[in-house]
Amino acid sequence: MNAVTVLTADLGGYPAGMRAHPLVVETAAKMFRAEHGGVIADSFVTRAGGRLACAVTHQDGAAVEVLCDRVLSACAKTAGETGLIGPGDAETVTLPVDEEGAELLVFLTAGAKAGAWDRPLAGLYADPFTSPGLVGDPLMHPGFEFVCDDGAAFGTPEETYDLLGHLKAGGRVRKVRRKDGLSAAAAGAGADPALILRAGPGLPDVVTALGVAASPGSGLMPVGLCDLGPTRPKTACLGFSVRDLMLVGPADLYDDPTYERARTHTRPPAWP
């Protein structure tokens, strides 16, 4: 299975977890780069505030899990040698991609709570007033299936109310797929969750996805990657094209004056 996996980890930052250390990022980048053409096809490594953030393309998911564990262990050692101590929590999010490629948006967060992506995902894949492709695109019109962290699944539009009630009761969306089985999105479950979205024909376009994630009701301030610090709930978006499992990019998509108003009018969501 061709896939993209995003790994994030809090291994300690400076000061008080605000920035991941460059040596930690460098350690991960070197280790992943050494596996290009083997366990993984390609990689991109950066920081998300105080967290390490890595995106890798691959086929064998089990081998990637082992590699990620090795990278985390080495990075934790590097962090400790520089005097940084973090909780060590780590999370991976994986989304399958077609052999011919895909357009991907990788959202990273800082200062965000678990479930930060529930409302944007519901708006993007279940609300026709927010996502017009649900009305006009014949591939999107049948709706999507939301899979939650407890295994509950809801098909929209027919189970939209049930989905919202489940989220209000504490459920968390982990995956979204089109009714024909195409994987559309995958979200992390913990604090500062990452999100991977596919964009293109039969799916929300890039501009719509960026707008929903940056809307005031999402509770997340859209910022460029260099401004992604946990002073308040924030998100940065990296845009990639994937061709033959090679990552083309990224583009720092919120580093754009279009989102200036969203940066000053973000408010917490009304639910859950």
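The condition (being at pLDDT below 90 and surrounded by fewer than 22 Cβ atoms within 10 Å (Cβ to Cβ)) is satisfied by just one residue among Asp69, Asp60: Asp60.
Here Pro201 meets the list (1) within 25 Å of Thr92 (Cβ to Cβ); (2) surrounded by fewer than 24 Cβ atoms within 10 Å (Cβ to Cβ) almost entirely, failing just condition (1). Leu195 meets the conditions (1) farther than 25 Å from Ala236 by Cα; (2) modelled with pLDDT of 95 or more; (3) in contact with a Gly (Cβ under 8 Å, 6 or more places away or on another chain) in every case but one. The failed one is (1). The sole residue among Gly181, Gly165 that is closer than 16 Å to Arg119 by Cβ, free of Cβ contacts under 8 Å to residues at least 12 places away in the same chain and in the same structural domain as Leu220 (by TED's automatic domain parsing) is Gly165. The set of residues in segment 120-142 being surrounded by 19 or more Cβ atoms within 10 Å (Cβ to Cβ) and more than 14 Å from the chain's Cα centre (by Cα) consists of Ala122, Gly123, Leu124, Tyr125, Ala126, Ser131, Gly133, Leu134, Met140. Please verify whether Thr27 is of a type in the set (Ser, Thr, Tyr) and closer than 17 Å to Ile196 by Cα, treating the condition exactly as stated. Against the criterion (of a type in the set (Ser, Thr, Tyr) and closer than 17 Å to Ile196 by Cα), Thr27 does not qualify.
Within segment 25-34, does at least one residue satisfy the condition of being part of a helix (DSSP H, G or I) and of a type in the set (Ser, Thr, Tyr)?
Within segment 25-34, one or more residues are part of a helix (DSSP H, G or I) and of a type in the set (Ser, Thr, Tyr).
Is one or more of the residues making up segment 183-204 in contact with a Pro (Cβ under 7 Å, 6 or more places away or on another chain) and not in a strand (DSSP E or B)? Step through it out loud before you land on a result.
As a first pass, look at segment 183-204 and keep what is in contact with a Pro (Cβ under 7 Å, 6 or more places away or on another chain): 183, 187.
Retained after the next criterion (residues that are not in a strand (DSSP E or B)): none.
Looking for residues that are in contact with a Pro (Cβ under 7 Å, 6 or more places away or on another chain) and not in a strand (DSSP E or B), one finds none in segment 183-204, hence no.
Of all residue pairs spaced 6 or more apart or on separate chains, those with beta-carbon atoms under 6 Å, a first member in segment 85-110 that is closer than 23 Å to Ala74 by Cβ and a second member that is among the polar types (S, T, N, Q) are Glu91/Thr8; Thr92/Thr5; Thr94/Thr5. Entry remark, segment 212-247: residues being buried (at least 19 other Cβ atoms within 10 Å of the Cβ), among the small types (Gly, Ala, Ser) and part of a helix (DSSP H, G or I) number 2 in total. Of the strands (runs of 3 or more DSSP E) lying entirely inside segment 35-96, the ones with 1 or more residues being over 23 Å from Gly249 (Cα atoms) and either in the same structural domain as Ala3 (by TED's automatic domain parsing) or among the charged types (D, E, K, R) (or both) are found at 90-96.
Figure legend. Inter-residue proximity from segment 254-267: first residues among the basic types (Lys, Arg), second residues at pLDDT 70 or above and surrounded by 13 or more Cβ atoms within 10 Å (Cβ to Cβ), beta-carbon distance below 6 Å, spacing 6+ or different chains. Indicated pairs: Arg263/Met221; Arg267/Pro216.
The values are calculated or read from the model by the stated rules, or taken from the named source; none is laboratory data. Since we're looking at a predicted model, the values are computed, not measured. Backbone-built Cβ (ideal geometry, glycine too); neighbour counts: all protein chains shown.
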